[in-house]
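Take a look at the structure below.
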Amino acid sequence: MSQPNVVSLWRYPVKSMMGEELNATDITEKGLVGDRKFALIDTSTGKLANAKNPIKWPNMFDYRAAYVEPPQDPSKLPAVRITFPDGSWGVTTDGNLEQRLTDKLDRPVRVATISSEAGDVQFEGYIPDIEGLNNRKTTFTRSSPEGTFYDIDIVHLLTTASINKMRELIPESRIEVRRYRTNIVIDVPNEEGFVENSWVGKHIRIGDGVVLQVTQPCIRCIMTTLAQGDLPNDPSILRAAVKHNKGSMGVYAKVIQTGRIHRGDKIVIE
C-alpha cells in the first residue's frame, strides 16, 4: 500500500494576498518560515485587511505577494514584492508602497509585520447567506492568535481525498487547492472522503523530523467562494462544505517538532 506523501507546499507572505508554491520549506514553532508574516492594517480601524470581509476588501485576491529572495532567518525576513492587479509592483521597503496600496484599495492602509504589532490584532469576516450557517449576512470580529496574523492555528493541512470528494459532490464547480489557501497538501492513496477529519488529536510525522499535532477541523468561510485568477466566484464551494462536512475542509495543526520538509516527503499518521 502506498504511503501518504506531501504533494504541494504553499506560503502566503502577506495575509489575504495570493502566495507562493514551494518545493521545500523550514517549519518553526510559528509555522512555515515567512508564512503570513506581513499584513495590511486598515489605519481607520486598526484591523487587518482581510478577504474574509469582501464587502470591505473585495479585491485582495487580485494582489500577489512573494519574497524578493528565499527567507532563511525567521527573525530577519527579506522584503516582499507585491504585484498589483495591473501588473505593476512594489516592494515593502519602498517609501511610496503604502500610499499606492491605499489609492488602489480605496482604504487607508499601512504594511505591518508581526514584529511591528504589539497586543491584540483583530480581523473581520462576513458570513454569507448560505443555508446552514449561523448569523447569515452579518460581520464578526475576532482576534488572531497572539504574535501571529493567523486566523486560528499555525499550519493548515488538506488531503487530495477531500479535494476529490468535493469534485465528486459538485462536479460543475472548479475545486482546486488555490481556493483553500492551505500550507501542506497530502496525497492519501487508497483513502476517500474527508479523511483528515479522523486526524484530530493525532500526530503527523513529515519526512525525517517535523512533527505536527492536528488540533481541529478547518471551518471554511466566504474566502473559498471568491474569484481568484481564472477561478470564478462560486458560492457552491462553501455550500457543499456546509452540507456534507459541517463546513470544514482540511485541518489545523500546531508544531511539535521543527525542521525542514520537502515536496515528496513521506507522511506517517500516529
Check your understanding: When ligands, DNA and RNA are left out and all protein chains stay put, how many square angstrom of accessible area per residue does the chain have with a 1.4 Å probe?
Key -> 46
Study note, to complete from the structure: A correct Karplus calculation of ³J(HN,Hα) over the stretch 149-165, with 6.51 cos²θ - 1.76 cosθ + 1.60, θ = phi - 60°, whole Hz and x for Gly and Pro, returns 10, 6, 7, 9, 10, 7, 10, 10, 10, 9, 9, 5, 5, 5, 4, 5, 5
Check your understanding: Taking residue 137 as the anchor, which aspartates and glutamates have their alpha carbon closer than 18 Å to its alpha carbon, excluding any fewer than eight residues away along the same chain?
Key -> 124, 129, 234
Study note, to complete from the structure: Listed by chain and number, the residues whose amide H is under 5 Å from that of residue 8, excluding neighbours fewer than 5 places away on the same chain and using placed H, are 185
Revision key, fill the gap. When the chain is treated as a Gaussian network with springs between alpha carbons less than 10 Å apart, the largest mean-square fluctuation among 153, 35, 103 is found at 103
**Study point:** Listed residues 231, 262, 242: farthest to the positive end of the dipole of the stretch 218-270 (Cβ charges)
**Key:** 242
Check your understanding: Dipole of the chain (Lys/Arg Cβ +1, Asp/Glu Cβ -1, origin at the Cα centre): which of 130, 214, 184 lies farthest to the positive side?
Key -> 130
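How large a share of the accessible area of the chain, in percent, is made up of carbon and sulfur atoms when the probe is 1.4 Å and the other protein chains stay in place?
Working: 5590 of 12450 Å².
For the chain, the apolar C and S fraction of the accessible surface comes to 45 percent.
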Study note, to complete from the structure: Here, the stretch 76-154 modelled as identical Cα point scatterers in vacuum has Debye log10 I(q)/I(0) at q = 0.14 Å⁻¹ of -0.70
Check your understanding: Too long at a 23 Å Cα-Cα cut-off: which of 30/56; 165/246; 56/243; 15/202; 15/165?
Key -> 30/56; 56/243; 15/202; 15/165
Review point. Principal axis lengths of the chain from Cα atoms, whole Å, largest first?
Key: 55, 44, 34
Study note, to complete from the structure: In whole Å, largest first, the alpha carbons of the stretch 87-223 cover along the principal axes 52, 42, 33
Review point. GNM on the chain, C-alpha springs below 10 Å: top fluctuator among 40, 105, 212?
Key: 105
Check your understanding: By how many nm would the segment from residue 7 to residue 266 lengthen if fully extended, with 0.36 nm per residue of separation less the alpha-carbon distance?
Key -> 92.3 nm
**Study point:** For the stretch 88-100, 3J(HN,Hα) per residue [Karplus equation, 6.51 cos²θ - 1.76 cosθ + 1.60, θ = phi - 60°, Hz, x = Gly/Pro]
**Key:** 6, 8, x, 10, 4, 8, 6, x, 9, 5, 4, 5, 4
Review point. Measuring from the lowest to the highest alpha carbon on each principal axis, how far does the stretch 150-270 reach, largest first, in angstroms?
Key: 39, 32, 25
Check your understanding: What are the aspartates and glutamates whose alpha-carbon lies under 18 Å from the alpha-carbon of residue 76, with same-chain residues fewer than 8 places away excluded?
Key -> 26, 29, 35, 94, 117
Point to revise | Quotient of Cα Rg and 2.2 N^0.38 Å for the stretch 188-247, N being how many residues it contains | key: 1.42
Study note, to complete from the structure: A correct Karplus calculation of ³J(HN,Hα) over the stretch 226-240, with 6.51 cos²θ - 1.76 cosθ + 1.60, θ = phi - 60°, whole Hz and x for Gly and Pro, returns 6, 5, 8, x, 8, 8, x, 4, 8, x, 4, 4, 6, 4, 5
Point to revise | Assigned charges on the beta-carbon of Lys, Arg, Asp, Glu; the stretch 84-183 dipole about Cα centre (debye) | key: 300
**Study point:** Spin-label model distance (nm) - residue 91 vs residue 233, 7 Å beyond Cα toward Cβ
**Key:** 3.6
Exercise for review: Identify which of 134, 59, 183 has the largest mean-square fluctuation in a Gaussian network model of the chain, with springs joining Cα atoms closer than 10 Å.
Suggested key: 134
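The values are calculated or read from the model by the stated rules, or taken from the named source; none is laboratory data. Bear in mind that the values here come from a model prediction, so they are computed numbers and not experimental data. No Cβ is skipped: glycine too gets one built from the backbone with ideal geometry, and neighbour counts run over all protein chains shown. To get the accessible areas, we keep the full protein, side chains included, count just its heavy atoms, and leave off ligands, DNA and RNA. Shrake-Rupley method; radii C 1.70, N 1.55, O 1.52, S 1.80 Å.
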